[in-house]
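The values are calculated or read from the model by the stated rules, or taken from the named source; none is laboratory data. As the structure is a prediction and not an experimental result, all values here were calculated from the model. We place every Cβ from the backbone using ideal geometry, glycine too, and count neighbours over all the protein chains shown. Only protein heavy atoms, including side chains, enter the accessible area calculation; ligands, DNA and RNA are left aside. Shrake-Rupley method; radii C 1.70, N 1.55, O 1.52, S 1.80 Å.
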Amino acid sequence: MKYLVMVQGTQADYEAMRGNGSELAPAWSEKDMQAMFSFMQRVNDDLAESGELVDGQGLAEPAQTRHVTAGKDGRPVITDGPYGETKELLAGYWVLDCESLDRVTEIAARIAQCPAPEGTTDYPVVIRPIMDGGGDLC
């Protein structure tokens with residue numbers, strides 16, 4: 001079964017990783033960033049070695065995001081960033097091929113242990129099964 005495992009963040013979090021902390025997110029040091037990157041690299045290496053990693057990517061900051069909706073006149077309505085600092089968006093993801101929900105939950109629990117400066121928001125790691133075809137909808 002394939003699963004989408006997601007981590008979240010805000011614009012304030014991305015700014016904090018650049019060293020620009022705020023009341024919403026403490027500034028990250030170069031040492032903090034290296035600890036986070038090293039941790040994530042070990043997770044990715046282990047998942048690749050086990051054959052469970054299908055794909056995984058970090059995403060650009062919310063300020064580079066666009067929302068596109070259909071307007072009442074049928075024309076697209078485009079809204080771009082930056083967004084309010086408390087608005088959480090997808091910050092990164094993994095597509096994993098795991099034998100069970102229990103196994104992918106173990107992996108998500110490990111990801112949740114990623115090092116971060118004290119005071120950083122503790123976002124949940126979200127797991128969503130990927131439907132094969134129509135799944136339960138058909």
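Remarks
- Accessible surface of segment 6-50 [probe 1.4 Å, protein heavy atoms]: carbon and sulfur percent: 52 percent
- Kirkwood Rh in Å, taken over all unlike Cα pairs in the chain: 16.7 Å
- Applying the criteria of a DSSP loop state and at most 10 other Cβ atoms within 10 Å to the GluC sites (Glu not before Pro) of segment 53-123 yields 99, 118.
- In this structure the amide hydrogen of residue 8, modeled in the peptide plane, comes within under 5 Å of the amide hydrogens of 91, none closer than 5 places in sequence on its chain.
- When you restrict to C-alpha pairs under 8 Å that are six or more residues apart and normalise by the size of the chain, the relative contact order lands at 42 percent.
- In a DSSP loop and with at most 12 other Cβ atoms within 10 Å, the GluC sites (Glu not before Pro) in segment 9-44 are 23.
- Phi angles of segment 61-78 translate, via the Karplus equation with coefficients 6.51, -1.76, 1.60 and θ = phi - 60°, into HN-Hα couplings of 4, x, 4, 9, 9, 10, 10, 10, 10, 8, x, 4, 8, x, 8, x, 10, 10 Hz per residue; Gly and Pro are given as x.
- When every Cα-Cα distance of segment 21-96 is counted in 10 angstrom steps from zero, the calculated P(r) takes the values 15, 30, 31, 18, 6, 0 percent.
- Over all other residues within a Cβ to Cβ distance under 14 Å of residue 103, the charged ones net out to -4, with Lys and Arg as +1 and Asp and Glu as -1.
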